[in-house]
1. Per DSSP H run of n ≥ 4, the term is -39500 (n - 2.57); total these for the chain, divide by its residue number, and report the mean residue ellipticity at 222 nm rounded to 500 deg cm²/dmol.
2. Given a cut-off of under 8 Å on Cα pairs at least six residues apart, what relative contact order in percent is computed for the chain?
3. Give, rounded to the nearest 20 debye, the magnitude of the charge dipole that the chain has about its Cα centre when Lys and Arg contribute +1 at Cβ and Asp and Glu contribute -1 at Cβ.
4. Among the DSSP beta bridges whose two residues both lie in the range 92-220, what percent are antiparallel, rounded to the nearest 5?
5. Quick one: of Lys39/Lys249; Lys179/Lys201; Lys39/Lys87, which pairs are farther than 18 Å apart, Cα to Cα?
6. Could you work out the pair-distance distribution P(r) of the range 273-325 from its alpha-carbon pairs, with 5 angstrom bin width and percents rounded to whole numbers?
7. Assuming a ≥ b ≥ c are the square roots of the Cα gyration tensor eigenvalues, decide whether the range 195-271 counts as rounded (a/c under 1.5), prolate (otherwise, with a/b larger than b/c) or oblate.
8. Taking every alpha carbon pair in the chain, what does the distance histogram look like in 10 angstrom bins from 0, in percent?
Amino acid sequence: MNAKRPVLIEGSYVEVKDGAIFAVKGVSHPPKGVIAVPKYLRTEGSTIKLNSFNASMDFLRRHFCEFLVYDEYIGQEVPLVPFEEIKRVYDPVNGKNSLRKDAVSSIALRMTGLIVEKSGIGSDFIGVSGSILLGLYNESSDVDIVVYGIENCLKVYDALKLMRESNVTSCLSGNALEKVLESRSDTCVESVIWEMHERRKLTNGVFMGRPYTLKLVPFPEEFWDKYGERSFKEIGRSTIRFQANDASKGIFTPCRYDVDVIGVIDGPDISAKVSSIVSFRSRFAEQLRDGEVGIASGRLEISSDGELRLFIGNDPKDFLMVDSS
């Protein structure tokens, strides 16, 4: 399904009127704006990067508190940038076609070109995101790539397998791995566990000596929780042990794992009826495979049609990992 590719979607950025640049989160948004978090602030002669979610939210509360709104369908406070406040959109696909020519961007273009060649997807469904898209990168910057549409993403994921098997890419190691582990230190999971997860992922790795991250993003019409179709309400926190009976949506951002609960470690007894684990954070994509047993802790939610799910968000206590015991 190669539908028309939307612009305001995961991987894109929007700039508001005073120079703050926000990263768009997710694929399905409220009718009056786009869910996004601040990542960069342009000032006279310099650009400040907000390196953590906490830093982004602190900045938001100080300078754009009016963007923080409670959403009745999502069931929590979200950062919503009104459409009328957006003065510029940074689109990964169009941005890929207008990069300046240098060593870093050349590696990004070479990787996207190779992925198109190996997967057979159209070049209009793959783009470059992050600092390269924004023109704010340096010689040590990583490559951030995004692919749109489930059919395209599955083809790309198969291509990533071949690229890893033929050593075109390699798993994270050395300084590249340490940098990722440092970025994961805002959670309660030990770095050795994160290392195990990150080293086996295909959506993270190294290409031509350059670390890369690749997001696989469904189109809004393909997304399993379209905005407004049902609402969610928090009913507590829970930690569960579970088996992933369907991890096919786990490779995407946002991700979803359909699960069978084995036991409730902490939280209300009703947690035993959780049927899915979801997250909008790309770090939790590709975290578990079909049949694996895992442990997760997060926000226990019930939907308007009665589904119980565990939402893994930005709380430092939230985690999702393979049970290695």
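Computed from the coordinates by the stated procedures, all read-outs in this text should not be read as laboratory data. Owing to the predicted nature of the structure, the values given are computational and were not obtained by experimental measurement. Please note: Cβ atoms are built from the backbone with ideal geometry, for glycine as well, and neighbour counts cover all protein chains shown.
1. After summing the helix terms and dividing by the residues of the chain, the value is -6500 deg cm²/dmol.
2. Numbers: 680 pairs, mean separation 46.6, N = 325.
Value for the chain: 14 percent.
3. Details: 41 positive and 46 negative charges, 171 e Å.
With Lys and Arg at +1 and Asp and Glu at -1, about 820 debye.
4. Working: 10 of 16 bridges.
Counting only bridges with both partners in the range 92-220, antiparallel ones make up about 60 percent.
5. Details: Lys39/Lys249 27 Å; Lys179/Lys201 16 Å; Lys39/Lys87 16 Å.
Distance filter (> 18 Å) returns Lys39/Lys249.
6. 5, 18, 30, 25, 16, 5, 1, 0
7. Values: a/c = 2.63, a/b = 1.43, b/c = 1.84.
Because a/c hits 1.5 or more and a/b fails to exceed b/c, the range 195-271 counts as oblate.
8. 6, 26, 36, 26, 7, 0
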